[in-house]
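K.L.:
Quick one: the structure is below, and I'll ask about it shortly.
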Amino acid sequence: MAEQVNRKPYVREVSPTRWFLRDRRYMRYMAREVTCLFIGAYTLMLLVGIARLAQGPAAYEAFLAALREPASIVFQVLTLGFALYHTTTWFNVTPKALPLQIGEEFVPGGAVAGAHYVLWALISVVILFLAGVF
Amino acid sequence: MAKSNKPIVWGLFAAGGTVSAFVIPVLVLLTLLAALGHVPTTLAYDNLRGFAASWWGKIAIFGVIFFSLWGSAHRLRITCFDFGLRADTLVATVVYAVAAVGSVATVVYLAAL
């Protein structure tokens, strides 16, 4: 009986592993999700840096030397690209995730995102300054 | 009502996404400068050690690593599911465990500084 019922089994046409290739919007969504791999790995790298710092000057110098490896530079350049993509997509979606209402009116999304960009620029300049870059 | 840990991990995801959006690009820029031979003065051993020894330095370093780690961990869990890895309980256990161990390790190393 069961075989009769299953003569024309329902087959999902959507592949669970490649579904996002069908549409550019899905691909942009996945690109946004993949940023976490690079940001997560980079955060673990920062954690290793703190560990080396705690272990003393020799360990920390070895960490700085490892940063100069070509593979490390490639990783950091990729991380910079993905991190910038994360930042812009995150700020652009913030007004939708947290609509800001003042009185009767909603603050325009562009203003909320724009305020984030201004704050981002400010924080970046302050950190670069405190780090002694200029 | 069934208990859920969703609000906690989603809150950490929101906080982690925000923290990393604001500071990860500039931090990558700093380590890239160091990698290219122009080590920013604060990244020199004595200066960074001094920064990490101060309580505000510890809070800043812990805040960045903690939130960025948990935000990435939660997003990685969703990403694994979206790439067809449907063993969600296993994935969640692994990514949150890494985030938890990383958080504790950060505290331990900062305490030693």
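What follows draws every value from the coordinates through simple rules; no lab data is involved. Everything quoted here is computed from the prediction, not taken from an experiment. Positions of Cβ are generated from backbone atoms using ideal geometry, with glycine treated the same way; all protein chains shown enter the neighbour counts.
K.L.:
Compare A:20, A:63, A:106 in a GNM of chain A, Cα atoms joined below 10 Å, and give the one with the largest fluctuation.
P.N.:
Of A:20, A:63, A:106, the Gaussian network model singles out A:106 as fluctuating most.
K.L.:
Also, I was wondering about something else. For the protein assembly as shown, with the dipole built from +1 on Lys and Arg beta-carbon atoms and -1 on Asp and Glu ones, taken about the Cα centre, which of B:8, A:78, B:81 lies farthest toward the positive end?
P.N.:
The residue sitting most towards the positive pole is B:81.
K.L.:
Using a/c under 1.5 as the rounded threshold, could you call chain A rounded, prolate or oblate? The axes a ≥ b ≥ c are square roots of the C-alpha gyration tensor eigenvalues, and prolate needs a/b larger than b/c, oblate otherwise.
P.N.:
In terms of gyration-tensor shape, oblate.
K.L.:
If you don't mind, there's one more thing I want to ask. Work out, in µm²/s and without decimals, the Stokes-Einstein translational diffusion coefficient of segment A:58-126 at 20 °C, 1.002 mPa s, Rh from Kirkwood over C-alpha pairs. Mind dumping the intermediate values first?
P.N.:
Details: Rh = 14.8 Å.
Roughly 145 µm²/s, to the nearest whole number.
K.L.:
What's the average, rounded to a whole number, of partner chain beta-carbon atoms within 10 Å of each residue's beta-carbon in B:94-100?
P.N.:
Working: counts 0, 2, 0, 0, 2, 3, 0.
Averaged over the peptide's residues, the number is 1.
K.L.:
Which order do the peptides A:39-49, A:74-84, B:70-80, B:86-96 come out in when sorted by mean C-beta neighbours inside 10 angstrom, highest first?
P.N.:
B:70-80, A:39-49, A:74-84, B:86-96
K.L.:
Can you give the mean number of other chain Cβ atoms that lie within 10 Å of the Cβ atoms in peptide A:96-104?
P.N.:
Values: counts 0, 2, 1, 0, 0, 0, 0, 0, 0.
Averaged over the peptide's residues, the number is 0.
K.L.:
Of the options A:42, A:62, A:89, report the single residue whose Cα projects farthest towards the positive end of the charge dipole of segment A:1-104 (beta-carbon charges: Lys, Arg +1; Asp, Glu -1).
P.N.:
Farthest along the dipole direction, towards plus: A:89.
K.L.:
Now, a different point. Rounded to the nearest 0.05, what FRET efficiency is calculated for residue B:46 and residue A:84 with R0 set to 35 Å and r the Cβ-Cβ distance?
P.N.:
Working: r = 31 Å, r/R0 = 0.89.
The pair residue B:46/residue A:84 has a calculated efficiency of 0.65.
K.L.:
Which angle from 0 to 90°, rounded to the nearest 10, does the C-alpha axis of helix A:57-67 make with the longest principal axis of chain A?
P.N.:
Between helix and principal axis, roughly 50 degrees.
K.L.:
Still on this structure: How far is helix A:109-130 tilted off the main Cα axis of chain A, in degrees rounded to 10, range 0 to 90?
P.N.:
Once rounded, one gets 30 degrees.
K.L.:
What full-extension length gain, to one decimal in nm, is calculated for residue A:134 and residue A:59 as 0.36 nm per residue of separation minus the Cα-Cα distance?
P.N.:
Extending this stretch completely gives an extra 24.3 nm.
K.L.:
Just how large is the dipole of chain A about the Cα centre, in debye to the nearest 20, putting +1 at every Lys and Arg Cβ and -1 at every Asp and Glu Cβ?
P.N.:
Working: 12 positive and 8 negative charges, 117 e Å.
So the magnitude is around 560 debye.
K.L.:
How crowded by other chains is A:30-41, given as the mean number of beta carbons from other chains within 10 Å of each beta carbon?
P.N.:
6
K.L.:
Continuing with the same structure: Which whole-number percent is the relative contact order of segment B:65-113 (Cα, under 8 Å, 6+ apart)? The partial results should precede the final answer.
P.N.:
Details: 26 pairs, mean separation 23.1, N = 49.
Reported relative contact order: 47 percent.
K.L.:
Additional query: Would you kindly derive the ³J(HN,Hα) couplings of segment A:74-90 from the backbone phi angles with the Karplus curve 6.51 cos²θ - 1.76 cosθ + 1.60 (θ = phi - 60°), listing them in order in whole Hz, with x for Gly and Pro?
P.N.:
4, 4, 5, 5, 4, 4, 4, x, 5, 5, 5, 5, 4, 4, 5, 5, 5
K.L.:
Could you tell me which helices of chain B pass both thresholds, a Cα extent of 27 Å or more along their own axis and a mean Kyte-Doolittle hydropathy of at least 1.0, with helices taken as whole DSSP H runs?
P.N.:
B:6-35, B:88-111
K.L.:
So, R0 is 45 Å and r is the distance between the beta-carbons of residue B:85 and residue A:104; what FRET efficiency does that work out to, to 0.05?
P.N.:
E(calc), rounded to 0.05, equals 0.45.
K.L.:
Same structure again: Just flag the GluC sites (Glu not before Pro) in segment A:25-134 sitting in loop per DSSP whose Cβ has no more than 13 other Cβ atoms within 10 Å.
P.N.:
Counting only loop positions with at most 13 other Cβ atoms within 10 Å, the GluC sites (Glu not before Pro) in segment A:25-134 are A:104.
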